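Q: A single structure is presented below for examination.
The values are calculated or read from the model by the stated rules, or taken from the named source; none is laboratory data. Keep in mind that this is a model prediction, so the values were computed, not measured. Heads up, the Cβs are rebuilt from the backbone with ideal geometry, glycines too, and the neighbour counts pull from every protein chain shown.
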Amino acid sequence: MTRVLVTNDDGIESAGLHLLAAGLDDAGFDVTVVAPDCDRSGIGAAIGLVHADQHLDVEKVEMPGCEHITAYAIDGPPGLCVCAGRLGAFGDPPDIVVSGVNPGCNTGRAILHSGTVGAALTAQSFGCSALAVSVGVSDPYRFDTAVRIALDVLPMLLDAPPRSVLNLNVPALDYDDVLGVRWARLAAFGSVRAAIAEAGSGGLQFELRATGVPAPPDSDQGLVDAGYASLTTIVGVAEAWPTEITGSAEVSSAVVPGAVVESVHAVPDASAPRSLHRPLHTMMQHPAE
């Protein structure tokens, strides 16, 4: 039985976490929940300050509707939850990590700051595959739809190359109204952006504002806007190589005295959206509707 660690960045009391854990359990996975004891949104893949003499509070909890699922609340961010789980703090390390369901999509390049996606990328760094799941804003949130689509795509993750990470964003629709699942590139912007609401002596106040920028139709945000669930393969920490080695780069600087920087190490164009990818995974055809 596949062992799954379920976490999130909204905290152990989040309804999206409870429904995700219950859905995975109903599907036959061996589920353990390890989540922050409070909201840790926007914290990325941080694990916080960890010292040899530091004690972190861990509490075993019962979640509504998931009383038989082993669950723990940690005084730390989601990345730390994954780190602890992979290091064996809660029994055998998980085979995969599923993070979410986040209330609000995690699309565009700003996923760098998402704790939901950060947990999945931490799993990748610690040697296992992961799925990050988010759903569009609505009242009430359609966590049920997000969980069903997460279960639809999870077999793809299990069959993918080791250490794959998928970022799934689901529109706020009934399951039957979602048009399908499509591979997507990252949009330049998600649906909202951070902005300074007030700046004065002694403090700053941030707010989220609509970007007002139409998202490309093949991007994660563009597909969600069109009624599709978007799926993006994410690589967290990787070397960046030029897309083509021409030998024409002239590099005269040195890393240390006497060590010439070879032209093969020319800095690639970071604006090229497809210069870093995992060919065995991202080149797969669209899943059937």
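Q: May I ask you to say which residue of S114, S125 is under 19 Å from L80 (Cβ atoms), of a type in the set (S, T, Y) and over 10 Å from the mean Cα position of the chain (by Cα)?
A: Selected residue: S125, the only one of S114, S125 that is under 19 Å from L80 (Cβ atoms), of a type in the set (S, T, Y) and over 10 Å from the mean Cα position of the chain (by Cα).
Q: Looking at the range 124-142 only, could you name the residues that are in contact with a Lys or Arg (Cβ under 9 Å, 6 or more places away or on another chain) and in contact (Cβ under 8 Å) with a residue 60 or more places away in the chain?
A: Q124, S125, V135, G136
Q: Exactly one of (1) in contact (Cβ under 8 Å) with a residue 60 or more places away in the chain; (2) more than 25 Å from P216 (Cα to Cα); (3) of a type in the set (A, V, I, L, M) is unmet by L80. Its number?
A: Here L80 clears every test but (1).
Q: Okay, moving on. Please go through the range 97-145 and pick out each residue that is in contact with a Leu (Cβ under 7 Å, 6 or more places away or on another chain), in a helix (DSSP H, G or I) and closer than 23 Å to T32 by Cα.
A: A120, F143, D144, T145
Q: Tell me, please, whether a residue that is of a type outside the set (S, T, N, Q), buried (at least 23 other Cβ atoms within 10 Å of the Cβ) and under 13 Å from the mean Cα position of the chain (by Cα) can be found in the range 137-144.
A: So far as the range 137-144 goes, no, none of its residues is of a type outside the set (S, T, N, Q), buried (at least 23 other Cβ atoms within 10 Å of the Cβ) and under 13 Å from the mean Cα position of the chain (by Cα).
Q: Okay, next question. Among what's in the range 108-131 and is closer than 12 Å to L166 by Cα and of a type in the set (S, T, Y), pick the residue that is modelled with the lowest pLDDT.
A: S129
Q: Scan the range 1-31 for residues that are in a strand (DSSP E or B) and surrounded by fewer than 20 Cβ atoms within 10 Å (Cβ to Cβ) and jot them down.
A: Within the range 1-31, R3, D30 qualify.
Q: H18 - would you say it is over 16 Å from the mean Cα position of the chain (by Cα) and free of Cβ contacts under 8 Å to residues at least 24 places away in the same chain?
A: no
Q: If you don't mind, another one. Name the residue, out of S99, S41, that is closer than 13 Å to T116 by Cα and at pLDDT below 95.
A: Checking each option against the conditions leaves just S41.
Q: Which ones in the range 122-145 are charged (D, E, K, R) and touching a helix residue (DSSP H, G or I) at 6+ places or on another chain (Cβ under 8 Å)?
A: D144
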